[in-house]
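Chemist: To start, I am sharing the structure in question, which I have written as structure tokens.
The values are calculated or read from the model by the stated rules, or taken from the named source; none is laboratory data. Bear in mind the structure is a predicted one, so any value in this text is a computation, not a measurement. Here the Cβ positions follow ideal geometry from the backbone for every residue, glycine too, while neighbour counts run over all protein chains shown.
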Amino acid sequence: MSESPDKSTRCITLRLTLNCDLAEVRPGTLALRGFLAEHGVPGEELVACERGRGLFLIQSLMDSATYLRGQGENCLVMRKSRSPRGDRYPADDPLNLEDLTQRLAENERIITDMAEELCSCYESFSAIFRYSSEQKRAVGLEDFSTQLLTDLLQITGADWHVLRLVPPGGAELRVFAASDPGLLVPPLSISNRAGESIPWEVEAAIKRRDVWFEHKGSFSATDPLAVAKGISTGFIHPIIFGETLIGTLAVGKAGLQNPLTAAKINVVHTFADFLAIQFVNSRIQEERVHALLVARDLEIAKNIQRSLLLKTLPQLPGFSLAGHCESARQVGGDFYDVIKLSDTSLLLVIADVMGKGIPAAMFAAIMRSLVRALPDLARHPSELLARINLLLFDELSEVDMFITAQLAFVDATESRLVAASAGHCPMLMTVGDQVRAISPEGMPLGILPDASFGDEATTLAGNCRLLLYTDGLTEARDAHGELLGQERLVEWLKQTGLGGRTAGQLKEELAAELARFQGNIALNDDQTFLILAR
């Protein structure tokens, strides 16, 4: 306490020290109010001082305000002159005293409302900016939400909150964060049940608008909020991002007095919108991580599948052999294999698993293993197909998938070929200047457990070419949507008789012809073929 030299005025000082914590603002405000009241400041001025927590409001309400920054602490110095009680309004003006009193009361009410709204906005944006900067740290979304909602209670003066979220693709509200354990109740189904009372939170989610409650009147006494919090007043705000319902945020105050003001409601809306952005960003980030993991898994599966294809194909005396396989996706259901049975005999295998992606690739790998595990049946392709069908039937039928396949036993010594097919594309073989389609009867693997298959034997004439392929070739489309078709494939094979080209050369020519026909059109199916040339 200090006095001026002429002792006409004296200065009374109150020094408050606060930690940088929103929870300490309210006690500091009450301490300031008590100090001013103790020294005779009128009640209406106390209210203005208490609510004017922003520096701008402090400066407008105080005679002077100075904010000092120091090392380790900051200091706010405020000065307010106190006039003797009764001197504020002249008593010698009876004509306008009543009008002035009414105007003063109205102005003070307006200033009070404005001060409250400005303070709420200031504190809201301060919290949001603070948490935005804290997002750089590795803070879990649950902890982040809990901290933000705790500040929300401090700013609005509410007593409790419960945040429920809708899981992606779900149709229920699950508690994500709550201010006390009593609010951790089971999920609520989002359904509009005719003739039944639905929980307030579900009503807010369905109608997508705020729902107010007072825990009395016509509302159901079994509502989770009514059961958990007893007599309260508040509202539930649906959290929506674009057209997507993220969840609901319920905020309440104990008792039925002093309900949330419009300014506090706006604060809740602001916090809810901010949370919605965080949840959407988190989900997008999770989807990106998941996509990266899936891409990595597909890359590994592709490498595994590629490793199953023979890098060097076994050859027969007097023949050349080449294969080509290109997947429409990273992994596919097409595959070929060549199994050497002796120095003069081979088993050619080509197959197409219905579908694409990892499931198709898995069945392709399983079938390849089964073919190689049954070498005793390799000289009898129909019997081998029947055995593989029996082994794979349960697994294929369980997932509604099937496999088309074609096997060809080639004996170079006898110039003989024995072929069997399980619903696969016809094998094409040149005979002189003509092309013959070899297509033994047989349905795809996985359709019937006891399916039977037929063999077709033929002689391999001089200068013959043999083409085994999947339907990805005949169903390739050009820029106009036209199919390549089997006729074009037959015409191409007819022209290969000139020049005595090897199977490797023919493979490169056919791959180039497919690329030329399709242009820049993406593959819609795997493309696989084997060429045997004499």
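Chemist: With the requirement that a residue be under 18 Å from Glu491 (Cβ atoms) and either under 39 Å from the mean Cα position of the chain (by Cα) or in contact (Cβ under 8 Å) with a residue 60 or more places away in the chain (or both), what does the range 503-515 give you?
Modeler: Leu506, Lys507, Leu510, Ala511, Leu514, Ala515
Chemist: Could you check the range 419-473 and list, in sequence order, the residues that are part of a loop (DSSP other than H, G, I, E, B), surrounded by fewer than 22 Cβ atoms within 10 Å (Cβ to Cβ) and among the β-branched types (Val, Ile, Thr)?
Modeler: Residue satisfying the conditions is Ile447 alone.
Chemist: Right, something else. For Ala322, indicate whether it is farther than 23 Å from Thr459 by Cβ, modelled with pLDDT of 90 or more, surrounded by 18 or more Cβ atoms within 10 Å (Cβ to Cβ) and in contact with a strand residue (DSSP E or B) (Cβ under 6 Å, 6 or more places away or on another chain).
Modeler: no
Chemist: For the range 433-455, state whether one or more residues are modelled with pLDDT under 90 and charged (D, E, K, R).
Modeler: yes
Chemist: Filter the range 167-183 down to the residues that are farther than 22 Å from Phe241 by Cβ and modelled with pLDDT of 90 or more and list them by number.
Modeler: Correct list: Ser179 only.
Chemist: Inspect all residues belonging to the range 184-193 and state whether any of them is of a type in the set (Ser, Thr, Tyr), in a strand (DSSP E or B) and modelled with pLDDT of 85 or more.
Modeler: Yes, because at least one residue in the range 184-193 is of a type in the set (Ser, Thr, Tyr), in a strand (DSSP E or B) and modelled with pLDDT of 85 or more.
Chemist: I'd like to check which helices (runs of 4 or more DSSP H) are fully inside the range 1-78 and have at least 3 residues that are modelled with pLDDT of 70 or more.
Modeler: Answer list for the range 1-78: 25-38.
Chemist: Continuing with the same structure: Any idea which of (1) of a type in the set (Asp, Glu); (2) closer than 25 Å to Phe335 by Cβ; (3) surrounded by fewer than 17 Cβ atoms within 10 Å (Cβ to Cβ) is the one Glu491 doesn't satisfy?
Modeler: Condition not satisfied by Glu491: (2).
Chemist: Tell me which residues, restricted to the range 153-169, are of a type outside the set (Asp, Glu), surrounded by fewer than 20 Cβ atoms within 10 Å (Cβ to Cβ) and either in contact with a Lys or Arg (Cβ under 9 Å, 6 or more places away or on another chain) or closer than 16 Å to Ser282 by Cβ (or both).
Modeler: Once the filter is applied, which keeps residues that are of a type outside the set (Asp, Glu), surrounded by fewer than 20 Cβ atoms within 10 Å (Cβ to Cβ) and either in contact with a Lys or Arg (Cβ under 9 Å, 6 or more places away or on another chain) or closer than 16 Å to Ser282 by Cβ (or both), the range 153-169 yields Gln154, Gly157, Pro167, Pro168, Gly169.
Chemist: Taking the conditions exactly as written (closer than 18 Å to Asp151 by Cα and modelled with pLDDT of 85 or more), does Ala272 satisfy them or not?
Modeler: yes
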